1. Conditions: (1) touching a helix residue (DSSP H, G or I) at 6+ places or on another chain (Cβ under 9 Å); (2) at positive phi. Residue 156 meets all but one. Number of the miss?
2. Count, please, the residues in the range 18-39 that happen to be assigned to a helix (DSSP H, G or I) and either surrounded by fewer than 17 Cβ atoms within 10 Å (Cβ to Cβ) or free of Cβ contacts under 8 Å to residues at least 40 places away in the same chain (or both).
3. If I filter the range 176-198 down to residues being within 21 Å of residue 83 (Cβ to Cβ) and in contact with a helix residue (DSSP H, G or I) (Cβ under 7 Å, 6 or more places away or on another chain), which single residue comes out as surrounded by the most Cβ atoms within 10 Å (Cβ to Cβ)?
4. If you scan the range 72-88, which residues turn out to be surrounded by fewer than 20 Cβ atoms within 10 Å (Cβ to Cβ) and touching a strand residue (DSSP E or B) at 6+ places or on another chain (Cβ under 8 Å)?
5. Please tell me if residue 202 is touching a residue at least 12 places away in the same chain (Cβ under 8 Å) and part of a strand (DSSP E or B).
6. With respect to residue 63, determine if the residue is within 19 Å of the chain's Cα centre (by Cα) and modelled with pLDDT of 95 or more.
7. Scanning the range 131-147 for residues that are under 13 Å from residue 112 (Cα atoms) and in contact (Cβ under 8 Å) with a residue 40 or more places away in the chain, which turns out surrounded by the most Cβ atoms within 10 Å (Cβ to Cβ)?
C-alpha cells in the first residue's frame, strides 16, 4: 500500500489546544459556525496525528496549510513534500499521506438518496449502471478522490472523470491534466464505515 490512512470520530477529538499551532488556533477560533469548526478541527487532527508518525517534531509544530487551490499541504520545520489529503462527512474525518507515488486523494460520503438533477450533472450516462444510493455514493466518492489526487478538487467537470464498468477513464480537461501529470495509473480503494459511509482513496498504483 502506497499510503497511510487515519480515520477519526468527530465527537472524540482532544481539545484543540493540545494539537493545533498558535496560527491554527487563531484560524479555528475564527470560525463562527460550530459544524464548520468541528469538521475543520477533525480533518486537521487526523492529518497531524498521522503526520506525527513521520516526523520527530511536536504535533503542534506540524501545521496543515492550504494552497490557493484549497489543496492541503504539510508545513514542518525544514519543509515536507509528502502529498496529503483530507475529508470529512457527518460524524467522521479522515486523512491520508502518500508514502510513494505522485499524489493522494481521499473522500468520504454518507450514503443517502440523490436527486435526478444531481445525477445528470455529476455523471455520464455510460456510468449509471445503477441509481441505488449505495452505488451513486461510492461512485461520487471515487470521482472526488481522483480529483484530489490530481490536485484540482471540483474545478473540473466531474463528467470528465468516469468509471465505466469499474474502469477509470478521463475525458476533456481531465484527460489533458492526467497526461501532463505523466498518465499515472490510479488505484482506487473503498472502505465502508459504520453508520452508512463510503470512503474512497485514490493513490498511484505501484509498478509491477
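The values are calculated or read from the model by the stated rules, or taken from the named source; none is laboratory data. Predicted, not measured: the structure shown is a model, and the values here were computed from it. Cβ placement follows ideal geometry from the backbone for every residue including glycine, while neighbour counts extend to all protein chains displayed.
1. (2)
2. 14
3. 186
4. Result: 72, 73, 75, 76, 80, 82.
5. yes
6. No; evaluated as a whole, the condition is false for this residue.
7. Checking each candidate, the answer is 141.
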